[in-house]
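The values are calculated or read from the model by the stated rules, or taken from the named source; none is laboratory data. In this text, all values refer to a predicted model and were calculated from it rather than measured experimentally. FYI the Cβ positions are ideal-geometry reconstructions off the backbone, even for glycines, and counts take in every protein chain you see.
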Amino acid sequence: MSDYLYSAFLFIGMLLSVPLFFVRDFEFRKLHRIMFVVIFLITILETLGTYTASNGMQNVIYYNLAFVYLETILILYFFQIAFLSDKAKKIVSLAIGGFFFWALFYSIFFQSLFVFHNVSYVIGGVLLISFCMYFFYGLMKEDWYQDKNLLILPIFWIVTMIMFFYSGSLLYFASFRFISGANIELMIKINYIIQFLSVLMYWVMGTAFYIPFWLEGKQPNVNGGLNTPTEVLK
């Protein structure tokens, strides 16, 4: 898809997520806000990236700051909230701190922010995939969310799509700086696939929180919230 169409799809995904701000105290309110910030961040980034690229301007620094680093940290924070084990939460906190200091260290001493940080992307991607796997381990072995149907659990679908996207895109972005002229057409075709996976992931991030309404037939109460337990993830 074209870059403008890609940005438009991201913008639509962001808009689809907005109505949930008017539902008070629903169960996954905090996680929804984190995911909205992620979608908003990437929508702005891709819009800015498309504009700067079309005008021959440098934009790699924006992708490093927003896509490689900030988005990864936000998704790690999502995991910290979603995990139900105190030990797992502490591990994620350490990962967030470690990745933040790695970003500073790598940017200052090893690679300019004006060159794509593929090494950092790989590290962040491996962290996210690892925590996706740990989430599924928690569901199966530690009985996380055992009182809930996985089909109506927004976190399950979001984590599934995060793992799906990063597993599929890791090698692509890892080799981004090493593309030769002979491979450019192939990489463009792969980029279309990555964009499709990206749109799918961000749409799931924005709309997965509607699933309990759709599958359980519950109606959001914009004045008082949902009449469901809200102790877990506010």
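A search for C-beta distances below 6 Å between a residue of the range 66-87 that is among the small types (Gly, Ala, Ser) and any residue that is surrounded by 20 or more Cβ atoms within 10 Å (Cβ to Cβ) and in a helix (DSSP H, G or I), counting only pairs 6+ apart in sequence or on different chains, returns Ala66/Leu45; Ala82/Ile155.
I need every pair where a residue in the range 135-155 that is over 15 Å from Tyr210 (Cβ atoms) has its Cβ under 7 Å from the Cβ of a residue that is among the polar types (S, T, N, Q) and at pLDDT 85 or above, sequence separation at least 6 or different chains. These pairs meet every condition: Gly138/Ser85; Glu142/Ser85.
Would you point out which residue out of Ile91, Ile39, Ile12, Ile81 is farther than 22 Å from Ala174 by Cβ, assigned to a helix (DSSP H, G or I) and either of a type in the set (S, T, N, Q) or in contact with a Gly (Cβ under 6 Å, 6 or more places away or on another chain) (or both)?
On the way: Ile91 fails: either of a type in the set (S, T, N, Q) or in contact with a Gly (Cβ under 6 Å, 6 or more places away or on another chain) (or both); Ile12 fails: either of a type in the set (S, T, N, Q) or in contact with a Gly (Cβ under 6 Å, 6 or more places away or on another chain) (or both); Ile81 fails: either of a type in the set (S, T, N, Q) or in contact with a Gly (Cβ under 6 Å, 6 or more places away or on another chain) (or both).
Checking each option against the conditions leaves just Ile39.
In the set Ser120, Ser130, only one residue is polar (S, T, N, Q), buried (at least 16 other Cβ atoms within 10 Å of the Cβ) and under 22 Å from the mean Cα position of the chain (by Cα); that residue is Ser120. Note on the range 34-62: residues that are closer than 23 Å to Leu15 by Cβ and modelled with pLDDT of 90 or more amount to 16. Within the range 18-35, the residues that satisfy the criterion of being assigned to a helix (DSSP H, G or I) and under 15 Å from Ile155 (Cβ atoms) are Leu20, Arg29, Lys30, Leu31, His32, Arg33, Ile34, Met35.
Residue-wise test of (1) at pLDDT 95 or above; (2) in contact with a Gly (Cβ under 7 Å, 6 or more places away or on another chain); (3) not in a helix (DSSP H, G or I).
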| position | (1), (2), (3) |
| --- | --- |
| Lys87 | no, no, no |
| Ile96 | yes, no, no |
| Gln111 | no, no, yes |
| Ile129 | yes, no, no |
| Ile188 | no, no, no |
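Restricting the first member to the range 89-106 and to residues that are more than 15 Å from Glu71 (Cα to Cα), and the second to residues that are crowded, with 17+ Cβ neighbours inside 10 Å and small (Gly, Ala, Ser), the beta-carbon pairs closer than 6 Å and six or more apart or on different chains are Tyr106/Ser120.
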